[in-house]
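As structure tokens, the structure follows; a few thoughts come after it.
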Amino acid sequence: MMYRKLKRTWSNGYANYMPKFKEVFPELKNVDSEDLCDRFIDLKMEFYYEEKTKVPVWMRLTLPFALLLTIIMLLATPINFMFTGQWGYSLGDKNIILNWFRALRLH
């Protein structure tokens with residue numbers, strides 16, 4: 001899971017999680033949702049949800065080029081090994097290709 005896409009649920013949003021807790025933990029069936037919210041707040045327990053983000057259209061149009069580049073990189077790995085002595089490519093945070101693949105949700 002990518003933690004950069006997580007957003008914190010505030011105390012008024014805890015009530016959305018109560019039905020799921022009651023399904024998973026049947027012993028909480030007799031506890032009121034508001035009481036359960038108060039218990040979570042007292043325990044300083046925080047919940048996060050995954051924020052869904054859409055890939056822009058112009059970025060989606062580059063998908064065929066990204067797939068072609070992936071194939072070329074896989075085929076060029078032995079050549080890269082001959083010159084650098086390591087399998088694979090460096091994946092730093094400022095790697096343009098890696099950031100492009102992340103934007104396309106390929107990584």
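The values are calculated or read from the model by the stated rules, or taken from the named source; none is laboratory data. Not measured: the values here are computed from a predicted model. Here the Cβ is made from the backbone with ideal geometry for all residues, glycine too, and neighbour counts use every protein chain on show.
So is PHE83 assigned by TED's automatic domain parsing to the domain that holds LYS22 and either in contact with a Ser or Thr (Cβ under 7 Å, 6 or more places away or on another chain) or farther than 22 Å from LEU104 by Cα (or both) or not? In short, no. Filtered by the rule that a residue be within 30 Å of ASP93 (Cβ to Cβ) and either at pLDDT 75 or above or in a helix (DSSP H, G or I) (or both), segment 1-40 gives TYR3, ARG4, LYS5. Among all positions in segment 63-71, there is no residue which is in contact with a Lys or Arg (Cβ under 9 Å, 6 or more places away or on another chain) and either within 30 Å of PHE101 (Cα to Cα) or part of a loop (DSSP other than H, G, I, E, B) (or both).
Looking across segment 98-107 at every residue that is touching a helix residue (DSSP H, G or I) at 6+ places or on another chain (Cβ under 7 Å) and hydrophobic (A, V, I, L, M, F, W, C), the one that is modelled with the lowest pLDDT is identified as LEU106.
This table checks each residue for (1) surrounded by 11 or more Cβ atoms within 10 Å (Cβ to Cβ); (2) among the β-branched types (Val, Ile, Thr); (3) within 21 Å of the chain's Cα centre (by Cα).
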| site | (1), (2), (3) |
| --- | --- |
| SER33 | yes, no, no |
| LYS44 | no, no, no |
| GLU50 | yes, no, yes |
| LEU69 | yes, no, no |
| PHE81 | yes, no, no |
| GLY85 | no, no, no |
| LEU91 | no, no, yes |
| ASN95 | yes, no, yes |
| TRP100 | yes, no, yes |
